[in-house]
Amino acid sequence: MSTATVEAAPVLTHEQKLDRLAEVAVRVGLGLRPGQEMVMTATLDTLPLVRRITEHAYKAGATLVTTLLTDEESTLLRYQYGENEGFDHAASWLYDGMAAAYRSGAARLAVAGGNPGLLSQQDPEKVGRANRAMSAAYRPALELITRHDINWTIVAAATPAWAATVFPDLPADQALEKLWDAIFVASRVDLPDPVAAWREHDAGLHRRADLLNQKRYLALHFKAPGTDLKVGLADDHLWLGGGMNAGNGQYCIPNMPTEEVFTTPHKDRTEGYVTSTKPLSYQGTMIEGIQVRFEGGRVVEAKASKGEEVLNQMIGTDDGARRLGEVALVPHSSPIASSGLLFNHTLFDENAASHIALGQAYSSCLKDGHNLTPEQLAKLGANDSLIHVDWMIGSGKMDVDGVTADGKAEPLMRQGEWV
Ligand code: ZN
Ligand code: ZN
């Protein structure tokens, strides 16, 4: 046994860590190419990080950074004063413009933050309609993203409203500081060399995905309290994890943090029941205690202890919203799970637990997926929908088996950990 000397982590100020997060987001997450345009989306309360990212994007050679800021207070004013008919309306022109920017070569960086429960008190029917209109308008842009035609990434910024949901018992300033610290740790910017740490982590995720790709499992079998679910995998499915080469040739890591390996289920081959293990923050509403039953790949029964109406609105979006578009494995010992925190945010919570997503499949999770027509993708079992919503089913009590072509079950995870 050898003893490695552990380099002491430098003591960094908040501003230094913020700067590192911005640099890692641009250079490692987004993989911005010199001479490339960048489109950034963010909420108003994440401005300090937005400005740092802008600085690093220009330092990395961006020709133009265009940031679209949303003000959540103004969003609430719509629910307070907006005409009822207006909720079927979305800014299609804006989303078309974003799609045009991506098609002409722009990279996309999203800063996640804001208030995960912003719309919890609003009329679920209106929230559902507004989401549906937005999803339809956003579809052309989202397709370029889910197909990984362009390099993109999502990073998180702590905000007071979000911090209050994670640390409800702490004073506002302490809660905000604690959430920032958790983001910095999960994003590996507290380590001596964050870029090197990311490269190493990325390589580890690739090794795990390669191993699963060699197995060619027909299905995964999830067993836990409240869950007995067989998820059939798409024909020609491909496991991915960490970074990837986008269609435009740039290498990007789409989520920061990321701990998952994931692939495309077959849209018609999921059977059984499953219970969520963490609350889901969906478009400003918290949905908790989800219990869903699948038959022939389709959700035939959906309940939730909280937010059931929004859940049903969500799965009613289109036929594909009732079927799976992603299955992902995350060990229970992931750094985000080890933090013991419930982030109330999919970007973090999905990296703390194995999960499934209802809706659109990633064509990059199929062999040669980029070059397949929608008909070919559907034939392999890839799902099609306006939505893609991840929710968490993993825990320290979950066992996962891989089912081989000859029907044998091989243990993949026991008690939430890789075998
Ligand atoms: Zn995922
Ligand atoms: Zn997902």
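The values are calculated or read from the model by the stated rules, or taken from the named source; none is laboratory data. Since the model is a prediction, treat every value here as computed from it, not as a measurement. Virtual Cβ from ideal backbone geometry, glycine too; neighbours counted across all protein chains shown.
Counting only residues that are closer than 16 Å to Phe87 by Cβ and among the hydroxyl-bearing types (Ser, Thr, Tyr), how many does region 119-165 have? So the count comes out to 2.
Is it the case that region 180-190 has a residue that's in contact with a Lys or Arg (Cβ under 8 Å, 6 or more places away or on another chain), part of a helix (DSSP H, G or I) and surrounded by 12 or more Cβ atoms within 10 Å (Cβ to Cβ)? Checked region 180-190: at least one residue is in contact with a Lys or Arg (Cβ under 8 Å, 6 or more places away or on another chain), part of a helix (DSSP H, G or I) and surrounded by 12 or more Cβ atoms within 10 Å (Cβ to Cβ). Consider region 221-256 and keep the residues that are over 18 Å from Leu372 (Cβ atoms) and touching a Gly at 6+ places or on another chain (Cβ under 6 Å). The one that is surrounded by the most Cβ atoms within 10 Å (Cβ to Cβ) is Ile253.
Only one of the numbered conditions (1) acidic (Asp, Glu); (2) away from ligand 1 (no atom under 16 Å from the Cβ); (3) assigned to a loop (DSSP other than H, G, I, E, B) is violated by Glu259, and that is (2).
Residue by residue, here is whether (1) free of Cβ contacts under 8 Å to residues at least 12 places away in the same chain; (2) within 14 Å of ligand 1 (Cβ to nearest atom); (3) in the same structural domain as Lys178 (by TED's automatic domain parsing); (4) not hydrophobic (A, V, I, L, M, F, W, C) holds:
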{"residue": "Arg322", "(1), (2), (3), (4)": "no, no, no, yes"}
{"residue": "Gly325", "(1), (2), (3), (4)": "no, yes, no, yes"}
{"residue": "Ser334", "(1), (2), (3), (4)": "no, yes, no, yes"}
{"residue": "Leu341", "(1), (2), (3), (4)": "no, no, no, no"}
{"residue": "Ser354", "(1), (2), (3), (4)": "no, yes, no, yes"}
{"residue": "Ala361", "(1), (2), (3), (4)": "no, yes, no, no"}
{"residue": "Thr373", "(1), (2), (3), (4)": "yes, no, no, yes"}
{"residue": "Ala382", "(1), (2), (3), (4)": "no, no, no, no"}
{"residue": "Leu386", "(1), (2), (3), (4)": "no, no, no, no"}
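Just wondering, is there one or more residues in region 275-292 that are over 20 Å from the mean Cα position of the chain (by Cα), more than 16 Å from Leu366 (Cα to Cα), modelled with pLDDT of 95 or more and of a type outside the set (Asp, Glu)? Yes, because at least one residue in region 275-292 is over 20 Å from the mean Cα position of the chain (by Cα), more than 16 Å from Leu366 (Cα to Cα), modelled with pLDDT of 95 or more and of a type outside the set (Asp, Glu). Set side by side, the residues Glu55, Glu72 differ, and just one is of a type outside the set (A, V, I, L, M, F, W, C) and in contact with a Gly (Cβ under 6 Å, 6 or more places away or on another chain), which is Glu72.
Yes/no matrix, rows are residues, columns are (1) surrounded by fewer than 24 Cβ atoms within 10 Å (Cβ to Cβ); (2) within 23 Å of Gly128 (Cα to Cα); (3) within 16 Å of ligand 2 (Cβ to nearest atom); (4) not acidic (Asp, Glu):
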{"site": "Pro265", "(1), (2), (3), (4)": "no, no, yes, yes"}
{"site": "Gly272", "(1), (2), (3), (4)": "yes, no, no, yes"}
{"site": "Gly296", "(1), (2), (3), (4)": "yes, no, no, yes"}
{"site": "Glu309", "(1), (2), (3), (4)": "yes, yes, no, no"}
{"site": "Arg322", "(1), (2), (3), (4)": "yes, yes, no, yes"}
{"site": "Leu329", "(1), (2), (3), (4)": "no, no, yes, yes"}
{"site": "His332", "(1), (2), (3), (4)": "yes, no, no, yes"}
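Looking across region 80-125, the residues that are touching a helix residue (DSSP H, G or I) at 6+ places or on another chain (Cβ under 7 Å), at pLDDT below 95 and either in a helix (DSSP H, G or I) or under 30 Å from Ala62 (Cα atoms) (or both) come down to Ala112, Gly113, Gly114, Asn115, Pro124. Looking only at residues of region 367-419 that are within 18 Å of Ala321 (Cβ to Cβ) and more than 16 Å from ligand 2 (Cβ to nearest atom), we find that the one that is surrounded by the most Cβ atoms within 10 Å (Cβ to Cβ) is Gly381.
Table: residues versus (1) of a type outside the set (D, E, K, R); (2) in contact with a Phe, Trp or Tyr (Cβ under 7 Å, 6 or more places away or on another chain); (3) within 22 Å of Leu412 (Cβ to Cβ).
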residue: Ala209; (1), (2), (3): yes, yes, yes
residue: Tyr217; (1), (2), (3): yes, no, yes
residue: Gly249; (1), (2), (3): yes, no, no
residue: Pro265; (1), (2), (3): yes, no, yes
residue: Arg269; (1), (2), (3): no, no, yes
residue: Glu288; (1), (2), (3): no, no, no
residue: Arg298; (1), (2), (3): no, no, no
residue: Glu301; (1), (2), (3): no, no, no
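Of the numbered criteria (1) crowded, with 16+ Cβ neighbours inside 10 Å; (2) not in a loop (DSSP other than H, G, I, E, B), the one Glu301 fails is (1). Taken over region 398-407, the criterion of being over 19 Å from Ser339 (Cβ atoms), of a type outside the set (Ser, Thr, Tyr) and in contact with a strand residue (DSSP E or B) (Cβ under 9 Å, 6 or more places away or on another chain) is satisfied by Asp399, Val400, Asp401, Gly402, Val403. Figure legend. Inter-residue proximity from region 240-259: first residues without any contact (Cβ under 8 Å) to a residue 12 or more places away in the chain and farther than 23 Å from Pro331 by Cα, second residues in a loop (DSSP other than H, G, I, E, B) and within 14 Å of ligand 2 (Cβ to nearest atom), beta-carbon distance below 7 Å, spacing 6+ or different chains. No pairs are indicated. Please enumerate the residues belonging to region 293-310 that are farther than 23 Å from Pro168 by Cα, modelled with pLDDT of 95 or more and aliphatic (A, V, I, L, M). Val299, Val300, Ala302 - these are the residues of region 293-310 that are farther than 23 Å from Pro168 by Cα, modelled with pLDDT of 95 or more and aliphatic (A, V, I, L, M).
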